[in-house]
Amino acid sequence: MIRDKSAKKNAKKTDKKAGMEKAEAPKGVIAVAPPSFRRERALIKRGVWPVAGCDEAGRGPLAGPVVAAAVVLDPKRIPKGIDDSKRLTAERREELFEEICATSSFAVAFASPARIDRDNILRASLWALARAVRALPEMPKHVFVDGRDKIDVPCDCDAVIGGDGIVVSIAAASIIAKVTRDRLMCALALDCPGYGFETHKGYAVPEHREALDRLGPSVHHRRFFAPVIAARQKHHPETVSVERDLFTVDGEISSELSVTI
């Protein structure tokens, strides 16, 4: 039998090319690099230390506080696997939470629903972030904060958009804030059963909206978020017609707390 060597060679090339195509990443999948300590290390080389990262959890939910965290990582003991809390499973967040607590200095601050109602969600979040930084055992010389807005602290501050996926200190703070808030919402579920806080953590998922419509708002709900206003209109219409301005700053604000560990 006469073999066509050129055909055999072309077949091998085709098989090799097909194998390479199979090994390539699926189209549409983008590899994301983990956050790094590069920005913190650059400051350390200039003699700037401590350097903190801060982030918050809970700006979007209909209930519960905003929880902010500030973290100063130990450059020699940075836990492996720190990433934006949204990229991690709940189990991995819990593991890293314990590791960060054991190797870093950090502080947590809460902006209660009452403060959110009074100041609006953005102002309350920035207030909580600044309070977390001020609650650290030692005031940092520099702070990286996630987002567009700088915070009112007595040190240099850089706002980093998408910082929880870029700066490892911010990512560590995102984990502390997220785990702390999730645990708190599970505790609030015991205080106010029926809303499902232990599962959705106060976010506006269908189950939460249904419970809100059925039960009406609890003391932990944010009064000026649209679904909560609708539920109040249904269950307590007399409280909706006499609203004060959202930006008015008066009266006492309760249930605020800063914690340093």
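The values are calculated or read from the model by the stated rules, or taken from the named source; none is laboratory data. Since this is a predicted model, take the numbers as computed values, not measurements. FYI the Cβ positions are ideal-geometry reconstructions off the backbone, even for glycines, and counts take in every protein chain you see. Areas reflect the complete protein model, heavy atoms only, side chains present, ligands, DNA and RNA absent. Shrake-Rupley method; radii C 1.70, N 1.55, O 1.52, S 1.80 Å.
How do H235, H200 stack up against each other in accessible area, from largest to smallest, with a 1.4 angstrom probe?
On the way: H235 60, H200 20 Å².
Final ranking, largest accessible area leading: H235, H200.
Under 10 Å from the Cβ of C157, count the other residues' Cβ atoms, weight Lys and Arg +1, Asp and Glu -1, and hand me the total.
Its environment carries a net charge of -3.
For region 54-167, which whole percent of the accessible surface, found with a 1.4 angstrom probe, sits on carbon and sulfur atoms?
Values: 2270 of 4610 Å².
The nonpolar share, carbon plus sulfur, comes to 49 percent.
Grab the Cα-Cα distance for A33 and D156, subtract it from 0.36 nm times how many residues apart they are, and report the gain in nm with one decimal.
Details: separation 123, 0.36 × 123 = 44.28 nm, distance 2.66 nm.
Extending this stretch completely gives an extra 41.6 nm.
Provide the per residue accessible area, probe 1.4 Å, for region 106-230, rounded to a whole number of square angstrom. Mind dumping the intermediate values first?
On the way: 5020 Å² over 125 residues.
In whole numbers, region 106-230 has 40 Å² accessible per residue.
I need the peptides 153-161, 99-107 ranked by packing, meaning the mean over residues of other C-beta atoms within 10 angstrom, with the highest value on top.
For the peptides 153-161, 99-107, the packing ranking is 99-107, 153-161.
Stokes-Einstein diffusion coefficient for region 21-161 at 25 °C in a medium of 0.890 mPa s, Rh from the Kirkwood formula over Cα pairs: what value in µm²/s? It would help to have the intermediate numbers written out before the result.
Working: Rh = 16.5 Å.
The Stokes-Einstein estimate is 149 µm²/s.
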